[in-house]
1. Residue pairs, Cβ under 9 Å, 6 or more apart or interchain, first in segment 63-90 and among the acidic types (D, E), second assigned to a helix (DSSP H, G or I) and modelled with pLDDT of 95 or more. List them.
2. Name the residue that is farthest from S30 (Cα to Cα), counting only residues in segment 80-100 that are at pLDDT 95 or above and of a type in the set (A, V, I, L, M).
3. What's the total number of residues in segment 39-53 that are hydrophobic (A, V, I, L, M, F, W, C) and touching a Lys or Arg at 6+ places or on another chain (Cβ under 9 Å)?
4. Specify which of the listed residues (S30, S49, S93) is of a type outside the set (D, E, K, R) and either in contact with a Cys (Cβ under 7 Å, 6 or more places away or on another chain) or closer than 22 Å to A122 by Cα (or both).
5. Out of all the residues in segment 37-55, which are touching a residue at least 24 places away in the same chain (Cβ under 8 Å) and not in a helix (DSSP H, G or I)?
6. Conditions: (1) small (G, A, S); (2) over 26 Å from P32 (Cβ atoms); (3) not in a loop (DSSP other than H, G, I, E, B). A59 meets all but one. Number of the miss?
7. Of all residues in segment 76-100, which are under 16 Å from F40 (Cβ atoms) and assigned to a loop (DSSP other than H, G, I, E, B)?
8. Give just the number: which of (1) in contact with a Gly (Cβ under 7 Å, 6 or more places away or on another chain); (2) part of a loop (DSSP other than H, G, I, E, B); (3) modelled with pLDDT of 75 or more does D109 not satisfy?
Amino acid sequence: MKLAAMTAVLLACAVALGACGSQEIKLAKSNPDYKGAVLFLDHCSGCHSLATVGAEGSATAISNRVKTNAPNFNIRKENVEQVLYAIRNGGFSGAIMPENILVGQDAQDVAKFLAKYSGLQAEKVPATNIALSTK
């Protein structure tokens, strides 16, 4: 009886601890971008942050930054071409991110997903139109 009770308590603790800090995709499985979100979570979330998938891989301050901290996509906006370039070439510096971490349709799905959901928390800065001189 004691063994069964102890096993039940340990199992409950394991489930509770396993849920702590768990990442969650905030898109419906029927969303066309869901596959890209899953791929991002599986392949990119260890180094990049993006709230849409519950990823917190980027540094939150310079004082806690480590070598593998990558851009925070909550505030950094990307387009499809930039994402595909980074995936193929190991980021923009080539220092940490592996080249071709995803290929083919998987790379396309992540690029499309990231282009749509990156930069959603970026600070909005007022724009000013500047007329260029034709002289």
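The values are calculated or read from the model by the stated rules, or taken from the named source; none is laboratory data. Being a predicted model, the structure only gives us computed values, none of them experimental. Methodologically, a virtual Cβ is constructed for each residue, glycine included, from the backbone with ideal geometry; neighbour enumeration extends over all protein chains shown.
1. E78/A86; E78/A111; E78/L114; E78/A115; E81/A111; E81/A115
2. In this case the residue turns out to be A86.
3. So the answer is 2.
4. S49
5. Scanning segment 37-55 gives C44, C47, H48, S49, L50, G54, A55.
6. Among (1) small (G, A, S); (2) over 26 Å from P32 (Cβ atoms); (3) not in a loop (DSSP other than H, G, I, E, B), A59 violates only (3).
7. Scanning segment 76-100 gives R76, K77, E78, N79, G91, M97, P98, N100.
8. D109 satisfies all of (1) in contact with a Gly (Cβ under 7 Å, 6 or more places away or on another chain); (2) part of a loop (DSSP other than H, G, I, E, B); (3) modelled with pLDDT of 75 or more except (2).
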